[in-house]
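J.: Take this structure, written in structure tokens, and hold onto it; I'll ask about it next.
The values are calculated or read from the model by the stated rules, or taken from the named source; none is laboratory data. No experiment lies behind these values; they were computed from the predicted model shown. Quick reminder, even Gly has a Cβ in these numbers, built from the backbone with ideal geometry, and neighbours come from all protein chains shown. Note: areas computed on protein heavy atoms with side chains; ligands, DNA, RNA excluded. Shrake-Rupley method; radii C 1.70, N 1.55, O 1.52, S 1.80 Å.
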Amino acid sequence: MIVTFVSECDKKAINKTCRVLDAFANRLGNRTWQTVITNEGLQSVKKLLRATASKNTAVACHWIRSRSRSELLWIVGDRKKFNNEGFVPVNTTKKDILKSHWENGWRFLPLIKSLTALAALFHDWGKSTDYFQEKLINLKKTADPLRHEWLSILLLNVLVNNATDEEWLKKLSTGQISSNALISKLIEKYNNNQLKTPLNQLPEAASIIAWLIVSHHRLPVTDQCKGMELQDFKSLFNMIYQTWGYENKSDETQFKKDLKHCLCFSKGLPIDSSVWLKFAQKYANKMIDSLPLLRQTLADGSWRIVLHYSRLALMLGDHWHSSQDKDDQWKCSCALYANTDSKSNSLKQQLDEHLIGVTRQALKIAHLLPAFENRNEELLCAYDVKPLQHKSPAKYNWQDAAVSKIKAWRQQQGDQMDPYQFGFFAVNMASTGTGKTFANAKIMRALSMDEECLRYILALGLRTLTLQTGDEYRNRIKLDKDELAVIIGSRAILDLHNNNFLSNTDDRSINNGSESEESLLDNDIYFEAAIPESNLSTVLRSDKNRQLLYAPVLCCTIDHLIAATETKKGGKYILPFLRLMSSDLVIDEIDDFDGKDLIVIGRLIHLAGMLGRKVMISSATIPPNLAEGYYNAYQAGWSLFAKSRGLNQNIGCVWIDEFKTVVNTINSNKEKLGVEEFRQYH
């Protein structure tokens, strides 16, 4: 086949693209190449271009079909540089926009950054104890009597000391804090039994920072929390106390003996480090400026989303920095350490070095989240999927009818609907053998930002079905190996069956003082593509981590996703959470699940709504109560997302089978009325 490549790249992407195309084709000009090439060779070119792609990349490939006809095969990078036929515009128009969409939508980003920074600066203060420092030096393998997260929030509690948020932040910003005074106050309060529920004794901002600290390795949850409606975060904080899992008390006598060392800080606290104090002063002032935003989130309930993003950034920053080598140039008078090197069994990062390193990395991640959610869709999506662009055979024309109805509904919404983010809940009840799998792909394409691309997760319950569906996507939908990832459960399914889902942490990470070094994904993933350049890809160093995140279409067993809501200990929730941030969700054969599985899936659907994604449930048999329950979960999540972004809270709902398609808009401002309206339509 004869192909022509046209490059409209900018900046550094020009040279990167030229190096790839010069190796395969002959130049016809500064920005044009042509060659005779096989289909396998063409796929190699595309793969290499995607590997070096950035936001400045834009390359179109045209197939010369005859003397009078050419066909656009694909575009890598910025599709806005070309039209639908791959032609380059000769004239452009501009309009003034105050802020880009993703910056404007994330109005709580300054608050997320401030909370993340202060939580990161305090998150390992509990490692300052004599017990923990001796444990690192002597390479002890015993569990701490009091976990370092709990000691960290006790120290934060005595730092705040019944002050308001404005007062304790002002005191921190001016550096009016003494480590000796904090240690004395801690011992006094602990001995007087005044620190049973330390989170509930704090003002609003301090409470949330303390929750981020206490949960950065494990969630503080017990049976008392199940089914509890948390309208006020204080109702949760009042229930978090030491014996929940922050106290290791196998032997009472030994516990009392070790506890004395856990309350001794002979080497001081990180506040004695001038570098740490400088960072703390800076972000205390930023937190003061963010207090009005915090009170706004508490008023409308969107504090839940703020906590999700802050905890994600903190844990991912901790995970990344803990895996780094120590900084040999670090100079500090503070003789405290955070962890040891598992290879050499020697002390690694100093404590203030670790706290500041985690803060810097967590802030970078928090800053990247909006861009990852919306901005790089050209690099994260599958385009030019020919079978989805063509009309379905007459036997399956209901698929095209469903797509037409959805597109017509989007046009009717007009200015009321944000083109990037709108709530949508779909119910596909087409009969078995009528082409639901193919229809789901067409429908998700119609629901995408520009109605042309594919980026979603297809979750199933059985490994055999997952592999069969992956084959169908490759054979019928013609998704290439660099557009479709397939991952099936093995170890994760066993853990879920044993009711111990992702709760085990590698003992080696506990021994070296850094539980954050655990892997984020246990299973193998079937995906053959180079990963596009991205700031997040440097954080997720493992290839399979990046593959799960960047594959345009992910076909998987649902256990890989429910880690996002069911993980109690460790960081196994990070990858599915990040994936769900940028991918819509299809749950196929929903009637294969029952009992507790349905409750777990409801939480996953709620999270998808909270993250602003669209959800489809698909099966030939969907009981009315099941559809209504999942819509209710989605509506509750979407309502929080819409409030946090200032979006219209209406949700589009579509019911589809091989006979007809009905699309309606439901107002989710009043939750009970929205559910009743859904019930009537259903």
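J.: Say each of ASP10 and ALA23 gets a label point 7 Å from the Cα, pointing the same way as Cα to Cβ; how far apart are those two points in nm?
T.: Each label point lies 7 Å from its Cα, and together they span 2.7 nm.
J.: List the trypsin sites (Lys or Arg not before Pro) in segment 298-386 that DSSP assigns to loop (not H, G, I, E or B) and whose Cβ has at most 13 other Cβ atoms within 10 Å. Which are they? Write down the numbers at each step before the final one.
T.: Values: sites: ARG304, ARG311, LYS326, LYS331, LYS343, LYS348, ARG360, LYS364, ARG375; in loops: LYS326, LYS331, LYS343, LYS348.
Passing both the DSSP loop test and the Cβ count: LYS331, LYS343.
J.: Run the numbers for ALA51 and ASN664: contour at 0.36 nm per residue of separation, minus the present Cα-Cα distance, in nm.
T.: Values: separation 613, 0.36 × 613 = 220.68 nm, distance 4.13 nm.
Residue separation times 0.36 nm, minus the Cα-Cα distance, leaves 216.6 nm.
J.: Give, rounded to the nearest 20 debye, the magnitude of the charge dipole that segment 115-262 has about its Cα centre when Lys and Arg contribute +1 at Cβ and Asp and Glu contribute -1 at Cβ. Spell out each step's value before the answer.
T.: Numbers: 17 positive and 17 negative charges, 81 e Å.
With only Lys, Arg, Asp and Glu charged at Cβ, the dipole is about 400 debye.
J.: In addition: Identify, among MET287, TRP276, ALA408, the residue whose Cα sits farthest towards the positive end of the charge dipole of segment 255-414, taking +1 on the Cβ of Lys and Arg and -1 on the Cβ of Asp and Glu, with the dipole about the Cα centre.
T.: ALA408
J.: What number comes out for the charge environment of TYR634, summing +1 per Lys or Arg and -1 per Asp or Glu over other residues with Cβ under 10 Å away?
T.: Values: positive: ARG613, LYS614; negative: none.
That sum, taken over residues with Cβ under 10 Å, equals +2.
J.: Between SER342 and SER274, what FRET efficiency comes out of the Förster formula 1/(1 + (r/R0)^6) with R0 = 45 Å and r the beta carbon distance, rounded to 0.05?
T.: Working: r = 30 Å, r/R0 = 0.67.
In this case the efficiency is close to 0.90.
J.: Starting from the exponent 0.38 and prefactor 2.2 Å, build the expected Rg for the chain from its residue count and divide its actual Cα Rg by it. Each step should come with its number before you reach the end.
T.: On the way: Rg = 26.8 Å, N = 682, 2.2 N^0.38 = 26.3 Å.
Ratio of Cα Rg to 2.2 N^0.38 Å: 1.02.
J.: Here is a follow-up. Would you be so kind as to identify which of PRO145, LEU182, LEU169 lies farthest towards the positive end of the dipole of segment 132-203, taking Lys and Arg as +1 and Asp and Glu as -1 on Cβ and the Cα centre as origin?
T.: PRO145
J.: Moving on to the next point. Dipole size in debye (nearest 20) for segment 123-173 around its Cα centre, Lys and Arg Cβ +1, Asp and Glu Cβ -1? Write out the running numbers ahead of the final one.
T.: Details: 7 positive and 8 negative charges, 53 e Å.
For this selection, approximately 260 debye.
J.: As a check on your grasp of the helix formula, calculate [θ] at 222 nm for the chain: sum -39500 (n - 2.57) over DSSP H runs of n ≥ 4, divide by the residue count, round to the nearest 500.
T.: Using -39500 (n - 2.57) per qualifying helix, the result is -14000 deg cm²/dmol.
J.: Can I ask one more? How do the peptides 123-130, 395-402 rank, highest first, by the average count of neighbouring beta carbon atoms within 10 Å per residue? Numbers along the way, then the final one.
T.: On the way: 123-130: 25.5, 395-402: 17.8.
Output ranking for 123-130, 395-402: 123-130, 395-402.
J.: Could you tell me the distance between the Cα centroids of segment 37-53 and segment 603-621, to the nearest Å?
T.: 34
J.: Now for a different question. So between ASN91 and ALA143, what do we pick up on full extension, going 0.36 nm a residue minus the alpha carbon distance? If you can, show how the numbers build up before the last one.
T.: On the way: separation 52, 0.36 × 52 = 18.72 nm, distance 6.74 nm.
Gain on stretching ASN91 to ALA143: 12.0 nm.
J.: Please give the net charge around ARG579, taking every other residue with its beta carbon less than 13 angstrom from that of ARG579, where Lys and Arg add +1 and Asp and Glu add -1. Let's see the in-between values first.
T.: Details: positive: ARG455, LYS544, ARG546, LYS572, ARG613; negative: GLU373, ASP584.
Net local charge, ARG579 excluded: +3.
J.: Continuing with the same structure: Hey, any idea what % of the chain's accessible area is carbon plus sulfur with a 1.4 Å probe? Write out the running numbers ahead of the final one.
T.: Working: 14120 of 29200 Å².
C and S atoms contribute 48 percent here.
J.: Do any chymotrypsin sites (Phe, Trp or Tyr not before Pro) in segment 1-88 lie in a loop, going by DSSP, with at most 12 other beta-carbon atoms within 10 Å of their beta carbon, and if so which? Please report the intermediate quantities before stating the final value.
T.: Numbers: sites: PHE5, PHE24, TRP33, TRP63, TRP74, PHE82, PHE87; in loops: PHE24, PHE82, PHE87.
When the chymotrypsin sites (Phe, Trp or Tyr not before Pro) of segment 1-88 are filtered for loop state and at most 12 Cβ neighbours within 10 Å, PHE87 remain.
J.: Take ARG69 and LEU465, extend 7 Å from each Cα along the Cα→Cβ direction, and tell me the distance between the two endpoints in nm.
T.: Here the answer is 4.1 nm between the modelled labels.
J.: What residue among GLN329, ILE213, THR434 has its Cα farthest toward the positive end of the dipole of the chain, where the charges are +1 on Lys, Arg and -1 on Asp, Glu, each on the Cβ?
T.: Most positive-ward Cα: GLN329.
J.: Also, quick follow-up: Compute the relative contact order of the chain as a whole-number percentage, counting only Cα pairs closer than 8 Å that sit 6 or more residues apart in sequence. Before the final figure, lay out the partial values.
T.: Numbers: 1168 pairs, mean separation 100.1, N = 682.
About 15 percent, as a whole number.
J.: Now for a separate question. State the percent of C-alpha pairs, over all pairs in segment 137-264, separated by a distance greater than 23 angstrom.
T.: Working: 2966 of 8128 pairs.
That fraction is 36 percent.
J.: Computed over the Cα atoms, what is the radius of gyration of segment 636-682 divided by 2.2 N^0.38 Å, N being its residue count? Numbers along the way, then the final one.
T.: Working: Rg = 12.0 Å, N = 47, 2.2 N^0.38 = 9.5 Å.
For segment 636-682, the normalised Cα radius of gyration comes out at 1.27.
J.: Further question on the same structure: Once the piece of chain linking LYS331 and GLN254 is laid out straight, how much longer is it, given 0.36 nm per residue of separation minus the C-alpha distance between them? All intermediate terms of the calculation are to be shown ahead of the outcome.
T.: Details: separation 77, 0.36 × 77 = 27.72 nm, distance 3.68 nm.
Working it through step by step, the gained length comes to 24.0 nm.
J.: Reachable lysines from LYS170, Cα under 29 Å, same-chain residues fewer than 8 places away excluded?
T.: LYS113, LYS127, LYS185, LYS189, LYS196, LYS234, LYS267, LYS278, LYS282, LYS286, LYS331, LYS364
J.: Rank-order 17-23, 157-163, 628-634 by packing density, defined as the average count of other C-beta atoms within 10 Å over each peptide's residues, highest first. Let's see the in-between values first.
T.: Values: 17-23: 17.0, 157-163: 18.7, 628-634: 21.7.
In descending order of packing, they fall as 628-634, 157-163, 17-23.
J.: Mind putting a number on the dipole of the chain about its Cα centre? Charges go on the C-beta only, +1 for Lys and Arg and -1 for Asp and Glu, and I need it in Debye to the nearest 20.
T.: It works out to roughly 1440 debye.
J.: Quote the accessible area belonging to SER250 in square angstrom, nearest 10, computed with a 1.4 Å probe and with ligands, DNA and RNA left uncounted.
T.: Accessible area of SER250: about 130 Å².
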